[in-house]
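Q: To start, I am sharing the structure in question, which I have written as structure tokens.
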Amino acid sequence: MFKYSLDNKRYHTLNYFYRTKFNSKVFKVPIDAHFSCPNKINNHGCIYCYENSKANIIDSKASIKEQFLNNIKVLEKKWPNSLYIPYFQAGTNTYAPLSTLKNIYEELLNEPKVVGLAIATRPDTLSNEILDYLETLNKKTFLTIELGLQSSNNNTLKFIKRGHDVNTFINAVKELHKRHIFVVAHIINGLPYETEKDMLNTIKLLNNLNIDGIKIHMLYVSKNTELASIYEKEKFHILTKEEYIDIVIKQLELLKPEVVIERITGDPIKEELITPTWLLKKFCVLNDIDKEMVKRNTEQGISSSK
């Protein structure tokens with residue numbers, strides 16, 4: 001069995017990481033704190049953006065505390081002894097005055113069984129003032145900052161209207177690491193006109209930055225997005241399931257074994273999805289990755305060809 005897994009996986013699972021760190025089952029509880037996004041305001045957002053990443057949020061209209069309590073009420077029926085990390089998922093969760101951020105972040109810290117906070121944001125919304133506050137917050141609880149990179153290719157970032165370049169991401173990671181904060185990078189495989197080499201280069205960059213965790217997404221085209229209009233006109237190549245699995249495994253082989261794999265596929269909303277439809281069978285994709293890794297006799301950080 002791979003060193004960093006309790007689930008017969010051949011990569012470093014989040015379940016293993018949390019079990020080892022907290023000696024318990026831990027759940028990230030998605031929260032919508034109603035943050036906006038500067039890129040959406042100034043640049044109409046990334047071309048693939050749909051609904052501010054609210055796919056996993058049960059009731060975004062409820063208050064932060066109500067969202068949290070409603071979520072854990074469901075979880076505790078099956079896992080009564082679990083612990084929780086509120087996950088500020090929707091929007092850009094550092095895009096507000098510091099006084100607002102303090103009130104929002106710290107509201108749930110005193111809730112029973114809360115052992116950390118996870119904050120998803122953009123690398124271009126981390127002022128020195130906010131970074132210093134995050135350092136203070138990290139001393140109170142286990143803090144994770146999730147940063148969207150998507151690609152290490154600046155031409156791709158321009159095409160998808162990301163609103164920042166690679167150096168902005170690099171500098172943000174370095175500043176967070178200076179403050180001993182756990183950083184998770186988000187990347188997307190299959191972005192328009194990217195090659196396999198581009199996708200592997202993104203992993204090489206993250207290795208060089210000593211990233212702590214990663215979320216690997218598959219590009220999908222949702223209705224009513226700029227990406228949908230581009231796809232209708234250009235019909236750029238969408239990765240097949242087999243291509244995606246092959247690239248993910250090669251990325252895992254490159255990644256340092258200690259990097260935590262927090263996500264390894266996309267999670268589209270069925271009613272809004274245009275393509276690829278194979279992504280709707282999430283657990284089939286996960287199982288096929290596992291099977292192919294066994295078949296290749298490979299694992300994270302160690303290629304079978306080495």
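Q: Residues being closer than 14 Å to ASN71 by Cβ and of a type outside the set (A, V, I, L, M): count how many of those fall in the range 86-111.
A: Here the count works out to 5.
Q: Looking at (1) in contact with a Cys (Cβ under 8 Å, 6 or more places away or on another chain); (2) free of Cβ contacts under 8 Å to residues at least 60 places away in the same chain, find the lone condition where LEU205 falls short.
A: Of everything listed in (1) in contact with a Cys (Cβ under 8 Å, 6 or more places away or on another chain); (2) free of Cβ contacts under 8 Å to residues at least 60 places away in the same chain, LEU205 misses just condition (1).
Q: Since ASN153 meets every condition but one in (1) surrounded by fewer than 22 Cβ atoms within 10 Å (Cβ to Cβ); (2) touching a Gly at 6+ places or on another chain (Cβ under 8 Å); (3) of a type outside the set (A, V, I, L, M, F, W, C), which condition does it not meet?
A: The number of the failed condition is (2).
Q: Please work out if LEU239 is touching a residue at least 24 places away in the same chain (Cβ under 8 Å) and in a loop (DSSP other than H, G, I, E, B).
A: yes
Q: Could you pull out every one of the helices (runs of 4 or more DSSP H) wholly within the range 17-121 that has 2 or more residues that are within 28 Å of ASN224 (Cβ to Cβ) and among the polar types (S, T, N, Q)?
A: Helices (runs of 4 or more DSSP H) meeting the threshold: 38-43, 64-78.
Q: Please state which one of SER60, SER24 is at pLDDT below 90 and among the hydroxyl-bearing types (Ser, Thr, Tyr).
A: Of SER60, SER24, the one residue that is at pLDDT below 90 and among the hydroxyl-bearing types (Ser, Thr, Tyr) is SER60.
Q: Still on this structure: Any idea which residue in the range 44-56 is farthest from LYS282 (Cα to Cα), counting only those that are modelled with pLDDT under 85 and within 15 Å of the chain's Cα centre (by Cα)?
A: That would be ASN52.
Q: Restricting attention to the range 1-23, and to residues there that are loosely packed, with under 15 Cβ neighbours inside 10 Å and either aliphatic (A, V, I, L, M) or at positive phi (or both), which single residue is farthest from the chain's Cα centre (by Cα)?
A: Among those that are loosely packed, with under 15 Cβ neighbours inside 10 Å and either aliphatic (A, V, I, L, M) or at positive phi (or both), it is MET1.
Q: Any residue at all in the range 213-225 that's farther than 24 Å from ALA185 by Cβ, at pLDDT below 95, surrounded by 14 or more Cβ atoms within 10 Å (Cβ to Cβ) and over 17 Å from the mean Cα position of the chain (by Cα)?
A: no
Q: Related question: Return a yes/no flag: does the range 258-281 have any residue that is of a type in the set (A, V, I, L, M), modelled with pLDDT of 95 or more and in a helix (DSSP H, G or I).
A: Yes, the range 258-281 contains at least one residue that is of a type in the set (A, V, I, L, M), modelled with pLDDT of 95 or more and in a helix (DSSP H, G or I).
Q: Looking at the range 219-228, is at least one residue more than 27 Å from GLN89 (Cα to Cα), touching a residue at least 40 places away in the same chain (Cβ under 8 Å) and in a loop (DSSP other than H, G, I, E, B)?
A: For the range 219-228, residues more than 27 Å from GLN89 (Cα to Cα), touching a residue at least 40 places away in the same chain (Cβ under 8 Å) and in a loop (DSSP other than H, G, I, E, B): absent.
The values are calculated or read from the model by the stated rules, or taken from the named source; none is laboratory data. What you see is a predicted model, and the numbers here were worked out from it, not measured in a lab. Note that each Cβ is placed from the backbone with ideal geometry, even for glycine, and that neighbours are counted across all protein chains shown.
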